[in-house]
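Report on one structure; see the data block that follows.
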Amino acid sequence: MRKCERVKKLLNRYGQTVFAETESGERSVNYKAFVQPVRYKNKMYLNAVESPIGTVSENYYLYVGPYDVQLTAINEPVSINTAIMRCTVERAECVFLDDEILYIWAILRRVIEDE
């Protein structure tokens, strides 16, 4: 089994259900990815909240997704949607091992809907 398929198997087992959507309305099928708050080790960041596990940003999230959902190949703004929030992709990169894409890494920013 290829390394990227092993990572995808872990994502499918432990990840949360998400879908990607472009600004023009194209939507991916549901898939599994990790979407977790960005945690900082020092207290130099503004707009963050202290928690028992460290300083947590209220707006930024780390995304680890499968190699075959190519966020880096889309030429328009993309959002990642979970069961409880929508986030815009601020930056996305392919993570390689040897010459193989292992997974997609991204920084997401939560979209706060106006009330």
Taking LEU102 as the residue in question, decide whether it is in contact with a helix residue (DSSP H, G or I) (Cβ under 9 Å, 6 or more places away or on another chain) and farther than 20 Å from GLN16 by Cβ.
no
Of all the residues that make up region 1-33, how many are without any contact (Cβ under 8 Å) to a residue 60 or more places away in the chain and either of a type in the set (D, E, K, R) or part of a strand (DSSP E or B) (or both)?
11
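Results for (1) among the polar types (S, T, N, Q); (2) exposed (fewer than 14 other Cβ atoms within 10 Å of the Cβ); (3) within 26 Å of CYS4 (Cβ to Cβ); (4) at pLDDT 85 or above, shown as yes or no for each residue.
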position: PHE34; (1), (2), (3), (4): no, no, yes, yes
position: LYS43; (1), (2), (3), (4): no, yes, no, no
position: ALA48; (1), (2), (3), (4): no, no, no, no
position: TYR60; (1), (2), (3), (4): no, no, yes, yes
position: VAL64; (1), (2), (3), (4): no, no, yes, yes
position: VAL69; (1), (2), (3), (4): no, no, yes, yes
position: THR82; (1), (2), (3), (4): yes, no, yes, yes
position: VAL89; (1), (2), (3), (4): no, no, yes, yes
position: TYR103; (1), (2), (3), (4): no, no, yes, yes
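The values are calculated or read from the model by the stated rules, or taken from the named source; none is laboratory data. From a predicted model like this one, the values you see are computed outputs, not experimental measurements. A quick note on method: Cβ atoms are made from the backbone with ideal geometry, for glycine too, and the neighbour counts reach across all protein chains shown.
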